[in-house]
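So the structure is just underneath, and the comments pick up after that.
No value in this document is a laboratory result; all are computed from the given coordinates. Source: prediction; values computed, not measured. Using ideal geometry, Cβ is built from the backbone for each residue, glycine included, and neighbour counts are taken over all protein chains shown.
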Amino acid sequence: MKKHAWRILWLLIALNAAVLAAGTGAFAGDGVSGESAPAPANRGRAEIWEQNCGRCHNLRSPASYSDSQWDLIITHMRIRGTLTADEAKAVLELMKAGN
């Protein structure tokens, strides 16, 4: 993926996660009122998503599917996309965090 497209995708992932996780405690505040940054774990998970899923898929809202549906989807894509167990777990946690 081109560098510019990757930056746009990362921005969309971060914005999507921020909107979906607002008020759930999924983000760690930086101490400045009204500002927050994605938790380091979510940034790492988003990078794993980009490196594996983003090659073939457009960004989908995590709220598109229930947790049980994400379990099935990620299990299927682990096989099709040859994801490692750790990669599949990270992507599943990212999708469930925004659900």
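Here are some notes:
- Ascending count of other beta-carbon atoms within 10 Å, so fewest first, for Arg78, Arg60, Arg55: Arg55, Arg60, Arg78
- Proximal charge balance of Val91 [Cβ under 9 Å; K/R count +1, D/E count -1]: +1
- Extension gain, Ile79 to Gln51, is 8.5 nm, computed as 0.36 nm per intervening residue step minus the present C-alpha separation.
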